[in-house]
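> The structure that follows is given in the form of structure tokens.
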Amino acid sequence: MNTLMLLLAFGTAPEQRRIVVAPAETLTVELWGAPSAPAVVLIADFLGSAYTFRHVSLALAAAGYHVVVIEPLAVGTSSRPRKSDYSLSSQARRVAAVLDSCAIASAIMGAQGTNGAVAVRLAAARPDLVKRLVLLEGGGASRPAGPGFRRAMENSAGLQLFGYGLVRAAIRKGMISASGDPSWVTDAVVEEYTRGGASDLGATIDAYRAIARAREPDDIADLLAQVRVPVALLLGGAKHSAGPPKDEVLMMMAALAELTIDTVPGAGHHLAEERPERVIEALMGRPPLSVSRATP
């Protein structure tokens with residue numbers, strides 16, 4: 001069933017909230033379904049937005065879940081303060097503030113890419129908030145930005161002169177190279193992914209530079225060892241860029257007390273776009289078709 005048919009069947013659109021978590025720090029939150037239903041919390045990735053999970057959110061809400069999609073600071077249409085702390089640990093504290101504000105506890109939590117490490121940090125710091133983790137191509141990041149992104153931000157002085165068209169083209173190229181099946185990367189999708197950043201390019205670049213500089217107060221391996229909830233890691237089985245490095249996956253295998261790894265054939269990094277049904281199955285706790293803990 002496609003998104004339009006599900007929306008017609010479900011009969012409603014999500015509620016959007018802007019939740020202040022600190023001075024100058026406001027997160028955009030999308031809520032689906034009845035607040036009394038079992039909670040599923042989804043954390044959008046660094047270059048994503050709540051739109052990333054549109055197929056997943058709608059299907060879960062129609063199945064009777066209360067879905068809360070959070071855009072961390074500088075993601076989607078959340079605010080982009082220049083001087084904030086953009087470490088993954090600080091992002092986890094902001095997610096916790098949102099969940100406390102919405103009176104949500106013991107949630108199933110899913111997170112994409114680098115921000116999977118936000119979910120891990122939250123599970124370690126606030127186990128009362130997390131019942132189970134589903135990590136999509138991430139979870140072991142030690143910093144919010146990799147070496148390539150940090151180098152790009154060191155050379156971004158003239159980026160505003162070129163406008164967001166250049167940025168949008170680069171993001172589109174990255175989406176395609178990160179996908180097993182890039183047919184989902186349409187002009188309309190790229191427009192939605194980049195809408196928040198394009199609204200204020202100067203603030204976006206300033207925030208990205210701050211993200212590139214951010215450092216973590218804790219070692220991710222130590223935090224992984226503190227996670228006591230079941231964790232499912234979904235990996236795209238097709239050759240693609242942007243996936244977690246092999247050493248991160250091996251670290252997660254060694255440190256997490258209860259981990260299953262599901263390799264999704266034919267998919268790349270953007271699992272909620274390419275294979276949303278597998279993401280939905282994982283969030284609902286249904287056994288995957290194939291599980292492997294073999295060395296990646």
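None of the figures in this text is laboratory data; all of them are computed from the coordinates on show. Just so it is clear, the model here is predicted, and its values are computed rather than measured. Cβ placement follows ideal geometry from the backbone for every residue including glycine, while neighbour counts extend to all protein chains displayed.
> Once phi is turned into θ = phi - 60°, what whole-Hz ³J(HN,Hα) does the Karplus curve with 6.51, -1.76 and 1.60 give for every residue of the stretch 128-144, x standing for Gly and Pro?
These are the phi-based 3J(HN,Hα) values: 5, 8, 10, 8, 7, 10, 10, 9, 9, 6, x, x, x, 5, 8, 9, x Hz.
> Related question: What ranking do VAL120, VAL229 get, fewest neighbouring Cβ atoms within 10 angstrom at the top? The partial results should precede the final answer.
Numbers: VAL120 30, VAL229 17.
Least crowded to most crowded, the residues run VAL229, VAL120.
> Show me the ranking of peptides 13-20, 207-214 by mean Cβ neighbours inside 10 Å, starting with the highest. Don't jump to the answer; show the numbers that get you there.
Working: 13-20: 13.6, 207-214: 20.8.
Put in order of decreasing packing, that is 207-214, 13-20.
> Now a separate question. In Å³ and rounded to a whole number, note down the convex hull volume per residue for the Cα atoms of the chain. Walk me through the intermediate numbers first.
Working: hull volume 35.0 nm³, N = 296.
With only Cα atoms used, the chain gives 118 Å³ per residue.
> What does DSSP give for the stretch 11-118 in terms of the percent of beta bridges that are antiparallel, rounded to the nearest 5? Walk me through the numbers on the way to the answer.
Numbers: 12 of 21 bridges.
In the stretch 11-118, approximately 55 percent of DSSP beta bridges are antiparallel ones.
> Which ordering of VAL75, VAL95 is given by a fewest-first count of other beta-carbon atoms within 10 Å?
Starting with the residue having the fewest Cβ neighbours, the order is VAL75, VAL95.
> Quick check on the exposure proxy: order ASP247, ASP85, ASP218, ASP262 from fewest to most C-beta atoms within 10 angstrom. Walk me through the intermediate numbers first.
Working: ASP247 10, ASP85 18, ASP218 15, ASP262 21.
Going from sparsest to densest Cβ surroundings: ASP247, ASP218, ASP85, ASP262.
> How high is the relative contact order of the chain, in percent, counting Cα pairs under 8 Å that sit 6 or more residues apart? Numbers along the way, then the final one.
Values: 611 pairs, mean separation 55.4, N = 296.
Averaging sequence separation for qualifying contacts and normalising by length gives 19 percent for the chain.
> Further, regarding this structure: Tell me which lysines have Cα within less than 21 Å of LYS239's Cα, excluding those fewer than 8 residues away on the same chain?
LYS173
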